[in-house]
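Asks: The structure is given below, and queries will be raised subsequently.
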Amino acid sequence: MKTNTYFEELDRIARDFEQKHEAHKALKQGIIDEKGWDSEELKAWYKEEEEQFQYPISAGACKAYRAWRYSETDEVIMDDFTWDRERHDFIDTLRKAGIQTLVVTNQSTGLMEDLHGYAAEGCRMLGLCTITKKDTRWGEEKEEQIMGIRFQLN
């Protein structure tokens, strides 16, 4: 399995958050069982949930991590669309992780918006490419050729 210190730290932050959040959610059930649905304690729980339990990693950073995690090489393959509100964090996270290139394989109707958005973030389009990706269906592994566009991130 490949490693990346930056992404490993994001993973640790996410796991720590989930562990604390699960404990906090268990507290909710205790309040409901002991004090009821209309209790002041449950209202306080919801207020604390709203104030203290916002996910610590941005949506763009989550997409960057997921794209890295499911890429089969050190080059990140992005087969998803990035919304304009998450694109900066997506590219910024990849750069912080030391990723040099990104291959966009997404074929959604919003692809043109993504391409221009990456260029606006300072990414340089290197050109068209074809990547080989392993795909397992029904227990059989096959290699698949996927068309993409390669970007230099720095």
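Asks: Let me spell out the model: positive unit charges on the Cβ of Lys and Arg, negative unit charges on the Cβ of Asp and Glu, origin at the Cα centre of the chain. What dipole size does that give, in debye rounded to 20?
Replies: For the chain, the charge dipole is close to 500 debye.
Asks: Please report the relative contact order for segment 1-140, taking Cα pairs under 8 Å with a sequence separation of at least 6, and give it as a percent rounded to a whole number.
Replies: Answer for segment 1-140 is 21 percent.
Asks: On to the next question. Cα gyration tensor of segment 70-112, axes a ≥ b ≥ c as square roots of the eigenvalues: rounded (a/c below 1.5), prolate (a/b > b/c) or oblate? Intermediate values should be presented prior to the final figure.
Replies: Values: a/c = 2.61, a/b = 1.24, b/c = 2.11.
Verdict is oblate for segment 70-112.
Asks: How would you rank THR136, THR73, going from fewest to most other Cβ atoms within 10 Å of each one's own Cβ? Kindly include the intermediate steps, with their values, before the conclusion.
Replies: On the way: THR136 8, THR73 12.
Lowest count first: THR136, THR73.
Asks: State, as an integer percentage, the relative contact order of segment 54-137 based on alpha-carbon contacts under 8 Å between residues 6 or more apart. All intermediate terms of the calculation are to be shown ahead of the outcome.
Replies: Values: 78 pairs, mean separation 24.9, N = 84.
About 30 percent, as a whole number.
Asks: Shape call for segment 1-126 from the C-alpha gyration tensor, a ≥ b ≥ c root eigenvalues: rounded (a/c under 1.5), prolate (a/b greater than b/c) or oblate? List each step's numbers first, then the result.
Replies: Details: a/c = 3.34, a/b = 2.25, b/c = 1.49.
It is prolate, given that a/c is not under 1.5 and a/b is the larger ratio.
Asks: Here is a follow-up. Relative to the longest principal axis of the C-alpha atoms of the chain, give the angle of the C-alpha long axis of helix 111-120, reported between 0 and 90° and rounded to the nearest 10°.
Replies: Between the helix axis and the principal axis of the chain, the angle is about 90 degrees.
Asks: OK, next. Pairing the Cα long axis of helix 5-35 with the longest principal axis of the chain, what angle in degrees results, from 0 to 90 and rounded to the nearest 10?
Replies: 30 degrees
Asks: Identify all lysines with a Cα-Cα distance to LYS142 below 22 Å; exclude those on the same chain that are fewer than 8 residues away in sequence.
Replies: By straight Cα distance, LYS142 reaches LYS2, LYS133, LYS134.
Asks: For segment 56-131, what does the equivalent ellipsoid look like in terms of its semi-axes, each the square root of 5 times an eigenvalue of the Cα gyration tensor, given largest first in whole Å? Don't skip to the end; give the middle numbers.
Replies: Numbers: eigenvalues 53, 46, 29 Å².
Three semi-axes, in Å: 16, 15, 12.
Asks: How about segment 58-104: which chymotrypsin sites (Phe, Trp or Tyr not before Pro) there are in a DSSP loop, with at most 16 other Cβ atoms within 10 Å of their Cβ?
Replies: TRP83
Asks: Defining a contact as two alpha carbons under 8 Å apart and six or more residues distant in sequence, what relative contact order in percent does segment 88-152 show?
Replies: So the answer I get is 39 percent.
Asks: Then there is this: Specify whether the C-alpha gyration tensor of segment 89-154 places it in the rounded, prolate or oblate class, a ≥ b ≥ c being the square roots of the eigenvalues: rounded for a/c under 1.5, otherwise prolate if a/b is larger than b/c and oblate if not. Spell out each step's value before the answer.
Replies: Values: a/c = 2.25, a/b = 1.78, b/c = 1.27.
Taking the square roots of the gyration eigenvalues as a ≥ b ≥ c, segment 89-154 is prolate.
Just so you know, all these numbers are worked out from the coordinates, no wet-lab data involved. Since the model is a prediction, treat every value here as computed from it, not as a measurement. Neighbour counts are summed over all protein chains in view; Cβ atoms, including those assigned to glycine, are modelled from backbone coordinates with ideal geometry.
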